[in-house]
Each structure stands twice: as C-alpha cells, then as structure tokens.
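The values are calculated or read from the model by the stated rules, or taken from the named source; none is laboratory data. This is a predicted model, so every value here is computed, not measured. No Cβ is skipped: glycine too gets one built from the backbone with ideal geometry, and neighbour counts run over all protein chains shown. Heavy atoms of the whole protein, side chains included, go into the accessibility calculation; ligands, DNA and RNA do not. Shrake-Rupley method; radii C 1.70, N 1.55, O 1.52, S 1.80 Å.
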Amino acid sequence: MPTLSVIIPTFNEEAYLEAAIRSARFADEIIVIDSFSTDRTPEIAQKYAKVFLQREFDNFSNQKNHALEHATCDWVLFLDADERITYLLQLEIKKAMTEGKYQGYKLNFPHFYMNRFLYHHSSNVLRLVKREGTKYTGLVHEKLHVEGSIGTLKNPVLHFTYKGLEHYIQKRENYAWFQAEQLQKKGKKANLFLLFFKPTWRFFSSYVLKGGFKDGIPGLSISAINAYGVFQRYAKLILLKKGMR
C-alpha cells in the first residue's frame, strides 16, 4: 500500500488546525509548516502532527517546498488549515494512490460563503502528487509541478474559504497587491482597457458562464467581489508605477 504525507502550512490557525489534522489522520504522516504563529497554532500542531516545522515566511512556494523536503512517503497531499478531507474523499485518495494511474490528482474545492457551499464557484486544484520530482513555483498563486499525467478526483474537499464578507474583501485586497507586484516585475502596464474589460469579463465568466447565478445571492456577491479584485490588481499596478505605495 503506497504511503501518504499530508503537508499543512499555517499562520495563526488555532481555530481551524485541529479539525484539519483530524480529517487527515488516515495519512501515514502529517507535517505542519508554520510561519511563527503568535496564537496556539504551534501548541496544537505539536500535539497532533508527526512533524512540526517553523520557517520565516518569504513566499508560498518556498514554504511548501521546505516542508516537502521533510516528507518521507510515496505521495504528498497539500492541505490548508481551513480545509477538511471527507471520508468518501479519503477512500478515493487511497484508491487513486493504489492504482497509480496518474502521477498527480486535482481536487475539487467548492467555496464556502454565507454559510453554504457554492458548487458553481469551485476550483479544481492539483494537490495530491507523487513525492518524487514534485515542487512548487510562483509567489502568490503558486503552482505545483509534477512529472507525468494528472487526473481529477470526484469527491470535494470541504473548504471553509472565507470567515465573512470583510475577510473575503481583505483577502482579495492582499492578493491584488501581490499580483500587481508580479505584473510590475514582468514589465506589464495597466491601461483603461484592462481596468474595464478584465473585471467585466471576470464577472461575466463567473456569474454567467460558470453558472454562478445558480448559487443565488452568495453567487452574485462572490462574482462581484472577484471582479473588483481584478480591478484592484490593475489599479494597484498603476500605483506601483507611480511609486505611490
């Protein structure tokens, strides 16, 4: 039977971490990589996880790659503290590892917002991979690279994405600054066309093409905030160009 390491990156996740670890107890080892939390996260991690690491945060890829160096199992599953692995997904993961048909698998993450899961606002993200030859690249929207073909698992991860409207907006704000900085490093420029077209397309794609309207008011709210997040990205790029941060 192939073995599984679960890697959980944390920073001040005392309210979520224990439940995440409990949902991953079917794994052979659980590794928590912490960015020097100031709450009870280290205490909880050391109580329940097999391996506890602390590292000063510089970017998401380096943080996860550092934890990956300490993994010892055949497969690795990357899990955030606000995510839960259901029993049905556990069975599917075990079956996928045993069959070994693919080198990696994408997992489905429906967003949890306004006390409900939005199945038309979901993402398929590569999270389960064979350990050998695997690494992350990128600063914000880090990308996991694996050598070989990739499949997709059916059962969703329970992802308690946002603690509320203010938390969601603040998260988009933080991402917008990171994204703007990346665009600036690549020499990209913002203009009125991008400020108008990109957010409009994001809303149309999210709300209409992907069926966000079927998620009711929460679907409308998330589509609008995501569009605003895209607008922020290019607005902040202009501010960076002008040296106004």
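Reported count of residues in region 110-137, each being at pLDDT 80 or above, within 16 Å of the chain's Cα centre (by Cα) and either of a type in the set (Ser, Thr, Tyr) or under 26 Å from GLU181 (Cα atoms) (or both), is 8. Among the residues of region 18-32, those identified as over 17 Å from THR134 (Cβ atoms) and either open to solvent by less than 10 Å² (accessible area, probe 1.4 Å) or not in a loop (DSSP other than H, G, I, E, B) (or both) are GLU18, ALA19, ALA20, ILE21, ARG22, SER23, ALA24, ILE30, VAL32. Which members of region 38-59 meet the condition of being modelled with pLDDT of 95 or more and open to solvent by less than 40 Å² (accessible area, probe 1.4 Å)? The answer is THR41, PRO42, ILE44, ALA45, ALA49, VAL51, LEU53. Filtered by the rule that a residue be surrounded by fewer than 16 Cβ atoms within 10 Å (Cβ to Cβ) and among the hydrophobic types (A, V, I, L, M, F, W, C), region 179-232 gives LEU192, PHE193, PHE196, PHE197, TRP201, PHE204, VAL208, LEU209, PHE213, ILE217, LEU220. Annotation: of all residues in region 140-162 being within 15 Å of the chain's Cα centre (by Cα) and open to solvent by 60 Å² or more (accessible area, probe 1.4 Å), the one that is modelled with the lowest pLDDT is HIS141.
Mind checking whether some residue in region 9-17 is in contact with a Gly (Cβ under 6 Å, 6 or more places away or on another chain), open to solvent by less than 40 Å² (accessible area, probe 1.4 Å) and closer than 21 Å to GLY133 by Cβ?
Looking only at region 9-17, we keep the residues that are in contact with a Gly (Cβ under 6 Å, 6 or more places away or on another chain), and these are none.
No, there is no match, as no residue in region 9-17 is in contact with a Gly (Cβ under 6 Å, 6 or more places away or on another chain), open to solvent by less than 40 Å² (accessible area, probe 1.4 Å) and closer than 21 Å to GLY133 by Cβ.
Looking only at residues in region 77-123 that are over 28 Å from ASP215 (Cα atoms) and among the polar types (S, T, N, Q), the one that is least open to solvent (accessible area, probe 1.4 Å) is GLN103.
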